[in-house]
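Participant: One structure follows; several queries about it will come next.
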Amino acid sequence: MKLCSACLLGINCRYNGKRKPNEKVINLAVKETLIPVCPEQLGGLATPRIISEIKNNCVVNKEGIDITKNFKQGAEEVLKIVKLYNIKEVILKQRSPSCGCGQIYDGTFSGIIIKGDGITAKLLKENNINVITEEDL
Ligand code: SF4
């Protein structure tokens with residue numbers, strides 16, 4: 001059993017209210033249980049919502065509002081689910097400010113990618129959970 005970003009399974013939870021199904025993740029879900037979670041929704045944010053990026057360790061949306069608290073709350077809820085089911089590996093959506101693992105956008109909303117982890121990916125790594133992305137499959 002693994003946990004995975006809900007949007008990769010085709011759940012309409014992205015900031016723009018759209019789906020981002022990933023064929024490899026969907027194929028994997030046929031073979032083993034993947035628990036779908038969206039940390040941003042678990043953090044109390046609406047769908048659709050204003051796009052956000054990480055800057056100086058804070059999450060700020062395109063209107064300049066700091067929503068770090070929501071992102072941290074969502075990450076804690078995901079960690080609870082991971083612990084509840086004793087999950088050792090998660091598959092998260094690359095470059096998201098929550099789910100990105102190793103790559104995120106630079107906080108300028110200009111499409112520039114930098115090294116870094118999303119808030120949920122970071123918390124899971126700190127708790128010794130193996131984090132991979134759909135691009136690693
Ligand atoms: Fe997908 Fe994660 Fe963004 Fe939710 S927070 S839409 S699961 S990438």
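Computed from the coordinates by the stated procedures, all read-outs in this text should not be read as laboratory data. Only a predicted model underlies this, so the values are computations on that prediction, with no experimental measurement involved. Glycine also receives a Cβ, built like all others from the backbone with ideal geometry; neighbour counts cover every protein chain displayed.
Participant: So the check is Cβ under 7 Å with 6+ separation or different chains; which pairs have a first residue in region 57-69 that's in contact (Cβ under 8 Å) with a residue 24 or more places away in the chain and a second one that's part of a loop (DSSP other than H, G, I, E, B) and loosely packed, with under 12 Cβ neighbours inside 10 Å?
Facilitator: Listed pairs, sorted by first residue: none to list.
Participant: Further question: Which pairs do you get when a residue that is in contact (Cβ under 8 Å) with a residue 60 or more places away in the chain, found in region 82-103, comes within reach of a residue that is aliphatic (A, V, I, L, M) and away from the ligand (no atom under 16 Å from the Cβ), reach meaning Cβ atoms under 7 angstrom, with the pair 6+ apart or on two chains?
Facilitator: Close Cβ pairs (under 7 Å, with a partner that is aliphatic (A, V, I, L, M) and away from the ligand (no atom under 16 Å from the Cβ)) amount to 85/1; 87/1.
Participant: Next question, about the same structure. Across region 95-128, what is the total count of residues that are under 10 Å from the mean Cα position of the chain (by Cα), within 12 Å of the ligand (Cβ to nearest atom) and either buried (at least 22 other Cβ atoms within 10 Å of the Cβ) or among the hydrophobic types (A, V, I, L, M, F, W, C) (or both)?
Facilitator: 10
Participant: Sticking with this structure for a sec: Just to verify a result, which residue in region 3-50, among those that are of a type in the set (D, E, K, R) and in contact with a helix residue (DSSP H, G or I) (Cβ under 8 Å, 6 or more places away or on another chain), is nearest to residue 80 (Cα to Cα)? Step through it out loud before you land on a result.
Facilitator: From region 3-50, those of a type in the set (D, E, K, R) are 14, 18-20, 23-24, 31-32, 40, 49; that's our starting set.
With in contact with a helix residue (DSSP H, G or I) (Cβ under 8 Å, 6 or more places away or on another chain) added as a condition, the list becomes 14, 19-20, 24, 40, 49.
Values: 14: 22, 19: 25, 20: 25, 24: 26, 40: 15, 49: 24 Å.
That would be 40.
Participant: What about residue 28, is it in contact with a Lys or Arg (Cβ under 9 Å, 6 or more places away or on another chain), more than 10 Å from the ligand (Cβ to nearest atom) and not polar (S, T, N, Q)? Step through it out loud before you land on a result.
Facilitator: Details: in contact with a Lys or Arg (Cβ under 9 Å, 6 or more places away or on another chain): yes; more than 10 Å from the ligand (Cβ to nearest atom): yes; not polar (S, T, N, Q): yes.
Answer is yes for this residue.
Participant: Under 20 Å from residue 129 (Cβ atoms), more than 12 Å from the ligand (Cβ to nearest atom) and among the hydrophobic types (A, V, I, L, M, F, W, C): which single residue out of 50, 87 fits that description?
Facilitator: The match here is 87.
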